[in-house]
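Have a look at the structure below, then the notes.
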Amino acid sequence: MNSLTPPAIGPRLQAYRKDRHLTLTELAQASGVSRSMLSEIERGNANPTYGTLWHLTRALDIDLNSLINGASEEGNRQIDHQTEHSTPTIRSADRSCTLQILSPASMVSIIEWYLLSFEPHGTLLSDPHAAGTMEHLHCLEGEIVVRSGEQEIVVRSGETARYAADVAHGLTSTGSAAAKAFLVVASDVFAERAAGGRRSK
């Protein structure tokens, strides 16, 4: 998994912690991030992963942009500009697929969207998500084999596949060329809200 290296994240984290009158030990207990790691992050000696930052923002009750960019939490009426440098990026287990996380951390339990970049024959395998979760993949370049449970389909540039993600599923770039795609992961909660709460149970 790639780590995040935005400038000034250590001092920002320390300022939020002190503003909430938390010791390193108390924030470690609340976030599940070790005290030693917190200390290293605050001193600028460690580059936290997206997952680490997610746990810290939940414990501090702030959004991810506030911690990374120092953005105001009032800013619903402002344009939220996320630079390439500050876009959280992770990699698949075998590092053959890069995921740029485009959705705000505050929506992670409802809907997420990613820009996927596959190396030739790159793969992204996933365990089942929560019941009712759907994925929507739009292929931008190359060809991608989509597997959902026992089903399989090839999605080519310009095409879109929608499939169940509450079963084991995976994506594989085919051929000798790299592939790119947008991926949206929508929970059952999002689908119900989009339907105005009228979904049958």
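The values are calculated or read from the model by the stated rules, or taken from the named source; none is laboratory data. Predicted, not measured: the structure shown is a model, and the values here were computed from it. Reconstructed Cβ throughout: ideal geometry from the backbone, glycine too, with neighbour counts over all protein chains shown.
Among what's in the stretch 99-133 and is of a type in the set (Ser, Thr, Tyr) and without any contact (Cβ under 8 Å) to a residue 60 or more places away in the chain, pick the residue that is farthest from Ala177 (Cα to Cα).
So the residue we want is Ser106.
Give Arg193, Arg156, Arg199 a once-over and let me know the one that is at pLDDT 95 or above, of a type in the set (Lys, Arg) and surrounded by fewer than 16 Cβ atoms within 10 Å (Cβ to Cβ).
Arg156
Could you tell me how many of the residues in the stretch 103-125 are more than 14 Å from Ala186 (Cα to Cα) and assigned to a loop (DSSP other than H, G, I, E, B)?
Total meeting the criteria: 4.
Only one residue in Val146, Val167 is within 20 Å of Thr98 (Cα to Cα) and assigned by TED's automatic domain parsing to the domain that holds Ser103, so which one is that?
Val146
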